[in-house]
Structures are given as C-alpha cells and as structure tokens.
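Down below is the structure, laid out as structure tokens.
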Amino acid sequence: MYRLNITEEIQSMKIYTFFTDSHKPMLKFFMDSFKFNENIDLIIRYMPQQCEAGDFMTPGWNDTMKRKVQYVLDSLDVTPEGEVFVHSDCDVLFIKDCYEQIISEMGDSDIIFQSDQGELCMGFFACKSSDSTRKFFTDVLDNLHRYYHDQEAARKILKANNESTYQLKTKLFSNQFFNYGMNSKKTKYYQGEENIVVPDDICMFHANFCDKRDNKIKLLDKVKSKFNV
C-alpha cells in the first residue's frame, strides 16, 4: 500500500460527488463502476435543478457551479487539517480501484487535478485540507460570477495569485485519469462519434468535452461497454 507522508497509518479518504435530476443517469454509471475499498468513503449530495436543460453553459449552469464549489468548501470543512479528499463530478466511470494511484501521484501536493489538455480540470481532483486550499476555493466561489464556469475561474485565479496569495503545490494527474479531451488534439465537443480512442490501461474515465447531457450518456455507455464495468 502507498502511504501518505502525513501519517503512519493508512488514511481513510472520502470521495465526494453530486448530482441533479438531469444527471441521475450519469450517477448510475458512476455507482455501477465505483470500486468500493475499505479505505474509501463515498459521499453523494443531491442538488436542485437550477440548470433546466442540464447542458453545458445553458441558463442556470453558473448557479449550479456555485453550489458545486460550495460543496467543495463544505468538504474541506469536514476534512481534518492535512488530510485528503477527492471531488469527482458524476460523469465518471471507474475502471480500476484508484485509491493507491491517487495517493502515489499526489505525493506532497496540495491539490492534484485531472488534466484537461494540459490545464486543470475541476471535474476530478484530490485536495489536502489547509488554510491555503480553503482560501483558494473561497476565492473561486466569490469570483465565479465573473467567469463562465468554475473551471475558468479556478484556472485564472490560481495563475494570477498562486505565488503571492496561496503558495500551493499543484500538479496534474497522469493520463491514467483519462477524459475525452485527451482522446485527440481536437478541441471540439463529443457529438456521438463511433470511433474514439481510449487506452486500455486507464484507471478512470471522465466524460468531459460534451456540451449536451445526452451525448455524455452515450459516451459513458460506449466506454462502459469497452471495459465491461
């Protein structure tokens, strides 16, 4: 087992996810594939449907993202100082038990994000509870109304203020934490294409780069069939 350097004991790690009514079908993919582990506690929160269509950047999306970032702050508040939790959107499939991989790749970082074409992705990340991480996500929430979505806010705020304000050690997960944005160098959204490339050795898959809810479901179903999870 990999061990965190903050303790001599194996740490029990909580994974937090959430869903709205429009995303219940995605939660089923998440739950059907989740690899339960004695070191992992899964926490699920239901949120009201503020984005009627449930599609990326349609009316109500920014309000939903505010609730999401508040959920991250709530998770920080109940995580003991120095311990780690994971936030995951519900449009995720778990191919393998990711616990040891998360701990190993995180190392001494404060936050490790999934990579979205070389930039941080807010859809899946592991975070250490501290005053600095709490300050960062508080600033993301307080300024989210200035940005299109939580990911844009997090990227720009971190780049502008990390050295002077947060002094956080951040990094990106390896491509074993795979998402559709890694499928090609194209930056277009998934539109139901049949031929997609997903490596065999990944430990999880995130159906990002889908602006339509129904296309997310198609993409998750395609990857689920490939790995029989």
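The values are calculated or read from the model by the stated rules, or taken from the named source; none is laboratory data. Only a predicted model underlies this, so the values are computations on that prediction, with no experimental measurement involved. Glycine gets a Cβ as well: all are built from the backbone with ideal geometry, and neighbour counts include every protein chain shown. Areas reflect the complete protein model, heavy atoms only, side chains present, ligands, DNA and RNA absent. Shrake-Rupley method; radii C 1.70, N 1.55, O 1.52, S 1.80 Å.
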Treat the range 118-229 as a sphere of radius equal to its Kirkwood radius over Cα pairs and apply Stokes-Einstein at 25 °C in a medium of 0.890 mPa s; give the translational diffusion coefficient in µm²/s, rounded to a whole number. 155 µm²/s
Rounded FRET efficiency, nearest 0.05, which uses the C-beta distance separating residue 194 from residue 167 and R0 of 45 Å: 0.45
State whether the range 1-153 is rounded, prolate or oblate according to the following rule on the C-alpha gyration tensor (a ≥ b ≥ c being the square roots of its eigenvalues): a/c under 1.5 gives rounded; otherwise a/b larger than b/c gives prolate, and the remaining case gives oblate. oblate
Over the chain, what percent of the accessible surface lies on carbon and sulfur atoms, probe 1.4 Å? 46 percent
Would you rank 134, 67 by solvent-accessible area, highest first, keeping every protein chain in place and using a 1.4 Å probe? 67, 134
Scoring only Lys, Arg, Asp and Glu (+1, +1, -1, -1) among other residues with Cβ under 13 Å from the Cβ of residue 37 yields -1
Using a simple spin-label model with points 7 Å from Cα along the Cα→Cβ vector, what separation in nm is obtained for residue 28 and residue 226? 2.2 nm
Karplus-derived HN-Hα couplings along the range 82-91 (A = 6.51, B = -1.76, C = 1.60, θ = phi - 60°), whole Hz, x at Gly and Pro: x, 8, 10, 10, 10, 9, 9, 5, 8, 8
For residue 140, net neighbour charge (Lys/Arg +1, Asp/Glu -1) across residues whose Cβ lies under 12 Å away: +3
Shape category assigned to the range 67-175 from the gyration tensor of Cα positions, a/c cut at 1.5: rounded
The chain, accessible area per residue, ligands and nucleic acids excluded (1.4 Å, Å²): 47 Å²
